[in-house]
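A short reminder: the numbers here are calculations on the coordinates, not readings from a lab. For clarity, every value in this text was computed on a predicted model and none was experimentally measured. For neighbour counting, all protein chains shown are included, and Cβ atoms are generated from backbone atoms with ideal geometry for every residue, glycine included.
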Amino acid sequence: MSRPAIAQINLDHLRYNYRLLKRRAGSSKIMAVVKANAYGHEQYLVAPTLFEEGCRNFGVTDASEGSELRAIIGESETAAITLLSGLFDMDDAELCIDHNLTPVITESHQIKLLTSVGFSGEIWLKFDSGMNRLGAENPAALFALARQTGVNICGFMSHLACADEVEHPMNLAQANSFLEICNHLAPETPKSLLNSAGLISLPDYTFEVVRPGIALYGAEPVADQAMGLKPVMTLTGEVMQRRDIQPGDAVSYGASFTAEQPMSIAVIGMGYADGIPRSLSNKGAVFIRGRKYPVIGRVCMDYTMVDISNSEVQAGDKVEFWGEHISANDVATLIDTISYTLFTGIGERVRRVRAC
């Protein structure tokens, strides 16, 4: 039997979330962001499910991810795969031709790469509207070059910096800046600005395409304005051993936890090499047999220990780290991070399986 380190992927919950987001998006199309192996949820499970639901626009990071996704969903002309980080070299440009990929362009040299290989597909132009991360600094010049070379522009896009803070003034400022750029260049061109949180913070700016990512996977994008999403991933391990310790006994590396009274502990066969953050040491909790139990001692590469005193927990019991009973957002908040890092940090040795 394979090691019981499993990420259960609930595709019914994925469908539910997609339908909820579709209602939120109104008449706008959804570009489902499935980069980074569908945020760690396994692209081979997620993408076909979304395709069955009618999704025909997908966002990935680069041409390598795009090629993999094309192999999964097929060569259908109706399915667009957008490369959110654009392209990096000639090989990427050729992959765009070979697999009908749509790159997001931010620099003139990317257009030159495409034209040099005879690319005749579509591109997005991405403009910086205030985030100062990735986007054309001179939208007019990039637009003019694209028009001059005859590349087909399917849309303009930008990205929000503070969408998860609904009242943040940058949200409206960025939306207006983006709209001003678009109206100056070609007001009739389709636009895309909103991510998951943007659907909450700027519902009047859905434009033609919205790009939800984290919400698809069931993590609420705005903490105090829940959309009613359902968790798609439940990360589980198994109790390998139950043992009793005495006052003065230390647990795990560094002896950072010492028992003050007789205790029972469980050794769980998952650790930071599986994606259990080491920062949950002496801080986190797991769910076993209908109850939460605190993590004690340092999380190890392969093991995590919890206090199961006064319980019936035994070796072989299933353990949930996050999912149905423990919110990934709550775990992330506890260690000052975000659910994105939890999902994408899950190791390769954790099996992704369809939830029964």
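Whole-Hz Karplus ³J(HN,Hα) for the stretch 268-279, in order, using 6.51 cos²θ - 1.76 cosθ + 1.60 and θ = phi - 60°, x for Gly and Pro?
After applying 6.51 cos²θ - 1.76 cosθ + 1.60, I find 9, x, 8, x, 6, 5, 9, x, 7, x, 4, 5 Hz.
Given H placed 1.01 Å from N in the peptide plane, which residues other than close sequence neighbours of residue 301 have an amide H under 5 Å from its amide H?
272
If neighbour count is taken as other Cβ atoms inside 10 Å, put 281, 196, 309 in order from fewest to most.
Exposure proxy ranking, most exposed first: 309, 281, 196.
Sort the following peptides by mean Cβ neighbour count (other Cβ atoms within 10 Å, averaged over residues), highest first: 219-227, 173-181, 32-40.
32-40, 173-181, 219-227
About the Cα centre of the stretch 31-217, what is the dipole size in debye to 20, counting +1 per Lys and Arg Cβ and -1 per Asp and Glu Cβ, all else neutral?
Using only the charged Cβ atoms, the result is roughly 320 debye.
If you stretched the chain out fully between residue 3 and residue 68, how much longer would it get, using 0.36 nm times the residue separation minus the C-alpha to C-alpha distance?
20.7 nm
What's the extension gain from residue 341 to residue 314 if we count 0.36 nm per residue and subtract their Cα-Cα distance?
Between residue 341 and residue 314, full extension yields an extra 6.7 nm.
Would you work out which of 231, 102, 84 lies farthest towards the positive end of the dipole of the chain? Charges go on Cβ: Lys and Arg +1, Asp and Glu -1.
Value computed over the given set: 231.
Pulled fully out, how much extra length does the chain show between residue 226 and residue 301, if you take 0.36 nm times their separation in residues and subtract their Cα-Cα distance?
That works out to 23.6 nm of additional length.
Any idea how far apart residue 112 and residue 333 come out in nm if each label point goes 7 Å out from Cα toward Cβ?
5.0
Taking the structure as given and computing semi-axes √(5λ) of the Cα gyration tensor in Å, which label from (1) 35, 22, 19; (2) 44, 21, 18; (3) 31, 24, 18 fits?
(2)
Specify which residue in the list 130, 268, 197 is farthest towards the positive end of the charge dipole of the chain, using unit charges on the beta carbon of Lys, Arg (+1) and Asp, Glu (-1), about the Cα centre.
268
Whose amide H sits under 5 Å from the amide H of residue 191, counting only residues 5 or more places off or on another chain, with H placed in the peptide plane?
Sorted by chain and number, the residues that satisfy this are 156, 208, 209.
Whole angstrom only: what separates the Cα centroid of the stretch 243-297 from the Cα centroid of the stretch 301-356?
Each part reduced to its Cα centre gives a spacing of 13 Å.
I'd like the distance separating the alpha-carbon centroids of the stretch 223-240 and the stretch 84-133, in whole Å.
Using only Cα atoms to place each centre, the spacing works out to 35 Å.
When the Karplus curve 6.51 cos²θ - 1.76 cosθ + 1.60 is applied with θ = phi - 60°, which whole-Hz ³J(HN,Hα) does each residue of the stretch 151-161 get, with x for Gly and Pro?
5, 7, 8, 8, x, 10, 9, 8, 9, 8, 8
Which ordering of 182, 154 is given by a fewest-first count of other beta-carbon atoms within 10 Å?
154, 182
If you count, for each residue, the other Cβ atoms within 10 Å and average over each peptide, how do 68-74, 301-307 line up from highest to lowest?
Most protected by this proxy first, the peptides run 301-307, 68-74.
Taking a ≥ b ≥ c as the square roots of the Cα gyration tensor eigenvalues, with a/c under 1.5 meaning rounded and otherwise prolate when a/b beats b/c, else oblate, which class fits the stretch 31-217?
Taking the square roots of the gyration eigenvalues as a ≥ b ≥ c, the stretch 31-217 is oblate.
In debye, nearest 20: dipole of the stretch 233-354 around its Cα centre with unit charges on the Cβ of K, R (+) and D, E (-)?
Taking the Cα centre of the stretch 233-354 as origin, the dipole is about 280 debye.
Which whole-Hz ³J(HN,Hα) couplings does the stretch 256-263 yield from phi under the Karplus relation 6.51 cos²θ - 1.76 cosθ + 1.60, θ = phi - 60°, glycine and proline marked x?
Each residue's phi maps through the Karplus curve to give 6, 10, 10, 5, 9, 7, x, 9 Hz.
Report, in degrees rounded to the nearest 10, the 0 to 90 angle that the Cα long axis of helix 169-185 makes with the longest principal axis of the chain.
It works out to around 30 degrees.
Can you compute the label reach from residue 52? Point 7 Å from Cα along the Cβ direction, backbone N cut-off under 16 Å, restricted to the stretch 7-25.
Within reach of a label on residue 52, which here means backbone N under 16 Å from a point 7 Å along Cα→Cβ, the stretch 7-25 contributes 9-19.
Quick check on the chain: of the DSSP beta bridges with both residues there, what percent are antiparallel, nearest 5%?
50
Compute the FRET efficiency between residue 12 and residue 44 as 1/(1 + (r/R0)^6), taking r as their Cβ-Cβ distance and R0 = 25 Å, and round to the nearest 0.05.
My answer for the efficiency is 0.90.
In the chain, if the dipole is taken from +1 on Lys/Arg beta carbons and -1 on Asp/Glu beta carbons about the Cα centre, which of 159, 182, 251 is farthest to the positive end?
251
What is the magnitude of the charge dipole of the stretch 21-120 about its Cα centre, with +1 placed on the Cβ of each Lys and Arg, -1 on the Cβ of each Asp and Glu, and no other charges, expressed in debye to the nearest 20?
That gives the stretch 21-120 a dipole magnitude of about 660 debye.
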